[in-house]
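Chemist: What follows is a structure written as structure tokens; I'll ask about it next.
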Amino acid sequence: MELLCRMCFQVKKLKMSHIIPSSYFRSLKNGNNSGQLVLVSTDEKTPPKISNSDPKERLLCHDCEQFLSGRYEQYGTRLLRDPKSTKKFDTYVLVKNFRYKTFYLYLLSILWRASVSEIVYPEIKLGDELNNLILYHIKNNTLRTGSGFRIDHFLKISVFRLTDLSGSIPDSTIKKIIMNIGTESGEQPEDGAIFYFMADGFLIVFYINAEKSIQIQLTKKIFAQLKNTQSIKIPIHDIKEFKQINDGFNSISKHASLENKK
């Protein structure tokens with residue numbers, strides 16, 4: 001059955017497209033005899049979901065899947081795992097040979113896929129105008145818009161490496177958790193919205209906002225924001241500093257305890 005590809009807008013046979021790249025899930029399955037994965041939501045009430053397969057749906061044709069893989073994913077999924085490029089210090093992870101535009105657009109492609117998803121992430125919606133703008137940048141491998149501005153002026157991305165300073169959750173466990181894409185809206189319209197997900201022990205946060213002044217918009221900086229430099233320092237932060245992430249880990253502990261009592 002042929003459907004409309006969400007990237008090239010041609011009617012083709014669509015692949016079962018991953019929203020969060022499949023390589024994250026493959027690395028978790030390695031050495032896992034059951035082949036089951038645990039997907040965590042960012043609240044204590046929602047129990048972790050155990051599944052034999054990672055979330056995907058029919059979104060893209062073969063050619064568009066290959067485009068995203070070759071242009072962005074092969075670099076993006078390996079960057080933070082590569083021991084030749086990364087070195088962990090006490091308070092940060094140093095990433096060398098950093099290609100800002102490629103990594104930024106790689107992360108943006110994940111948010112875009114979540115937004116155009118109808119089954120896996122129906123609650124993540126950016127709207128058609130922003131979806132189309134993001135798609136323009138992804139397809140053209142550019143950060144610049146036709147108006148002379150850059151998409152990273154108003155859609156900023158921060159990255160954190162998570163750890164548990166109490167020592168109750170080892171880093172090896174944190175790196176094995178994939179946390180579903182979540183969202184929050186600001187209290188004021190200019191506060192915009194944030195979207196976030198966690199994989200490989202890193203928390204990725206997207207900030208979308210529109211300041212009243214264009215000068216404020218252009219100069220406003222977000223903590224741990226990705227920078228267009230050849231190397232970056234990703235700060236290491238305690239999971240308890242992020243309520244949603246901490247609630248997710250509490251959910252694991254809570255429901256694990258309930259299962260053990262049965």
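Chemist: When you look at Glu73, is it exposed (fewer than 14 other Cβ atoms within 10 Å of the Cβ) and within 18 Å of the chain's Cα centre (by Cα), yes or no? Working first, answer last.
Modeler: Working: exposed (fewer than 14 other Cβ atoms within 10 Å of the Cβ): no; within 18 Å of the chain's Cα centre (by Cα): yes.
For Glu73, the condition - exposed (fewer than 14 other Cβ atoms within 10 Å of the Cβ) and within 18 Å of the chain's Cα centre (by Cα) - is not met.
Chemist: Moving to a separate point now. I need every pair where a residue in the range 68-87 that is at pLDDT 95 or above has its Cβ under 7 Å from the Cβ of a residue that is of a type in the set (Gly, Ala, Ser) and assigned to a helix (DSSP H, G or I), sequence separation at least 6 or different chains.
Modeler: Taking only residues 6 or more apart or on different chains, the pairs are Leu68/Ser109; Tyr72/Ser109.
Chemist: Just for the range 220-246: of the residues that are buried (at least 17 other Cβ atoms within 10 Å of the Cβ) and modelled with pLDDT of 85 or more, which one is farthest from Tyr104 (Cα to Cα)?
Modeler: Top of the filtered list is Ile239.
Chemist: Another question about this same structure. Take residues that are among the small types (Gly, Ala, Ser) and within 18 Å of the chain's Cα centre (by Cα) and tell me which of the helices (runs of 4 or more DSSP H) falling wholly in the range 84-200 contain 3 or more. Give the steps one after another, and end with the answer.
Modeler: Details: elements: 100-116, 128-140, 171-174.
Those helices (runs of 4 or more DSSP H) span 100-116.
Chemist: What is the number of the single condition among (1) modelled with pLDDT under 95; (2) out of contact with any strand residue (DSSP E or B) (no Cβ under 9 Å at 6 or more places or on another chain); (3) of a type outside the set (S, T, N, Q) that Arg144 does not meet?
Modeler: (2)
Chemist: Surrounded by fewer than 16 Cβ atoms within 10 Å (Cβ to Cβ), touching a strand residue (DSSP E or B) at 6+ places or on another chain (Cβ under 9 Å) and modelled with pLDDT under 90: does that describe Asp191?
Modeler: Against the criterion (surrounded by fewer than 16 Cβ atoms within 10 Å (Cβ to Cβ), touching a strand residue (DSSP E or B) at 6+ places or on another chain (Cβ under 9 Å) and modelled with pLDDT under 90), Asp191 qualifies.
Chemist: I'd like to verify a number: residues in the range 136-157 that are surrounded by 19 or more Cβ atoms within 10 Å (Cβ to Cβ) and of a type outside the set (A, V, I, L, M, F, W, C), how many?
Modeler: So the answer is 3.
Chemist: Separate question: Among the residues of the range 158-179, write down those that are within 19 Å of Glu123 (Cβ to Cβ) and either modelled with pLDDT of 85 or more or in contact with a Gly (Cβ under 9 Å, 6 or more places away or on another chain) (or both).
Modeler: Taking the range 158-179 as the starting set, the residues that turn out to be within 19 Å of Glu123 (Cβ to Cβ) are 178-179.
The one that is within 19 Å of Glu123 (Cβ to Cβ) and either modelled with pLDDT of 85 or more or in contact with a Gly (Cβ under 9 Å, 6 or more places away or on another chain) (or both): Met179.
Chemist: I'd like the residue in the range 90-131 that is farther than 20 Å from Glu73 by Cα and without any contact (Cβ under 8 Å) to a residue 40 or more places away in the chain and, out of all such residues, is surrounded by the most Cβ atoms within 10 Å (Cβ to Cβ).
Modeler: The residue in question is Lys125.
Chemist: Limited to the range 86-106, what total is found for residues that are more than 26 Å from Ile134 (Cβ to Cβ) and in contact with a strand residue (DSSP E or B) (Cβ under 7 Å, 6 or more places away or on another chain)? Break it down stepwise before answering.
Modeler: We begin by selecting, within the range 86-106, every residue more than 26 Å from Ile134 (Cβ to Cβ); these are 86-94, 96.
Those left that are additionally in contact with a strand residue (DSSP E or B) (Cβ under 7 Å, 6 or more places away or on another chain): 86-87, 91-94.
Going through the range 86-106 one residue at a time, the tally reaches 6.
The values are calculated or read from the model by the stated rules, or taken from the named source; none is laboratory data. Note that this is a predicted model, so its numbers are computed, not measured. Reconstructed Cβ throughout: ideal geometry from the backbone, glycine too, with neighbour counts over all protein chains shown.
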